[in-house]
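The values are calculated or read from the model by the stated rules, or taken from the named source; none is laboratory data. None of the values given here were measured: they were computed from a predicted structure. The accessibility values were calculated without ligands, DNA or RNA, using every heavy atom of the protein model including side chains. Shrake-Rupley method; radii C 1.70, N 1.55, O 1.52, S 1.80 Å.
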Amino acid sequence: MKKFLEFFNLKRKFKEKKLKYQSYTQEHKKYLKKIESEKWIIRLIQVLILVAIFVIWELFTMWGILDPFFVSSPSRMIETVRKLYVSGELFMHIGITLYETVIGFILATAIGYLLAVLLWWSDKLKKVLEPYIVVLNSLPKIALGPLIIIWVGAGTKAIIVMCILICVIITTLSLLGSFLSCDKDKILLMRSMNAKKYQIFFKLIVPNSMPDFISVLKINVGMSWIGTIMGEYLVSKAGLGYLIVYGGTVFKLDLVMTSTVILCLLAGGMYFIISRIEAHFKK
């Protein structure tokens, strides 16, 4: 009888724990569903804001509140896109600017990362070069435009070099700061376990700096587009920057506004890709 009662009590406790676990599971599902619904609501609001801006813009130009000659309008920009597409220029200009930006973005990030690693690896090298890096960061890169053209020629190479110059110093300084901010006690613990410097870097510094690296990628998305367009202002014969310069020169402001909106869309697409990478690492 006693064993029967013990078995009965164990069975009852098991059922209670099971019900409690199911309750927690349901609450957790509700919580996740709430978070997901909030994400969709935020995205919907973002889309609605964008749609509202273009609708108001179009209405204001139709009613004469804004002069479409100076600010264009969504309908005129759509017509400009159609003309560029029919002439075969649209994807040619987009492709050139996108190629220059992506190459500059990748090279600047890689070079900046390697420089940050070198400066972290050698404290003496960091102390010697850090003032020069800070000074170079404050130098207006547009002032180097004529020199870049002389060094590498007028064309795609000059534009990519300009893009790299805009991004590389920021990448180096940001990642170096992230490397140096790693917990000193953890580094000391690994050293006490006879860890080599490369082991400390790959097993501690790199994982610790990953959130900052993602932030640097997000910053470089914007900076790489700035560098590319700046380079295209100087030397290009094709690309979205060239269309903006050409449109401003001949007062085709529809072309200027259309190219600017396309640039925003492309930059948004690159930012979305970086956000997906960030979400992957968070998981």
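What to note about this one:
- Helical segments meeting 27 Å axial Cα length and Kyte-Doolittle 0.0 threshold in the chain (DSSP H): 90-121, 156-180, 206-235, 253-282
- With bins 5 Å wide beginning at 0, the percent of Cα pairs of the chain falling in each bin runs 1, 5, 8, 10, 11, 11, 10, 10, 8, 7, 5, 4, 3, 2, 2, 1, 1, 1, 0, 0, 0.
- Accessible area (Å², 1.4 Å probe, nearest 10) - Ile49: 90
- Radius of gyration and Dmax over the Cα atoms of region 150-278, both given in Å: 20.3, 69
- When the surface is traced with a 1.4 Å probe over the full set of protein chains, Arg276 keeps roughly 120 Å² accessible.
- Links that overshoot a 22 Å alpha carbon limit, given the list Lys124/Lys197; Lys127/Lys184; Lys157/Lys252; Lys127/Lys197; Lys196/Lys218; Lys184/Lys218: Lys157/Lys252; Lys196/Lys218; Lys184/Lys218
- Hull-based mean projected area of region 48-195, where the convex hull spans the alpha carbons, in square nanometres: 15.4
- Theoretical gain in end-to-end length, Trp40 to Val135 [0.36 nm per residue, Cα-Cα removed]: 29.8 nm
- Largest first, the extents of the alpha carbon coordinates of region 185-242 on the three principal axes equal 59, 18, 12 Å.
- Mean-position separation - Cα centroids, region 44-77 and region 200-233, in angstrom: 34
- Going by accessible surface with a 1.4 Å probe and the largest first, Phe60, Phe91, Phe281, Phe179 read Phe91, Phe281, Phe60, Phe179.
- Shape summary: region 212-283 maps onto an equivalent ellipsoid whose semi-axes, from the alpha-carbon gyration tensor, are 30, 13, 7 Å in decreasing order.
- Mean shadow area of region 83-155 over all directions, Cα convex hull, nm²: 6.8
- Accessible surface for Ile150 stands near 130 Å², nearest 10, in the context of the full protein assembly shown (1.4 Å probe).
- Residue order by solvent-accessible surface for Leu98, Leu48 is Leu48, Leu98, largest first, with ligands and nucleic acids left out and a 1.4 Å probe.
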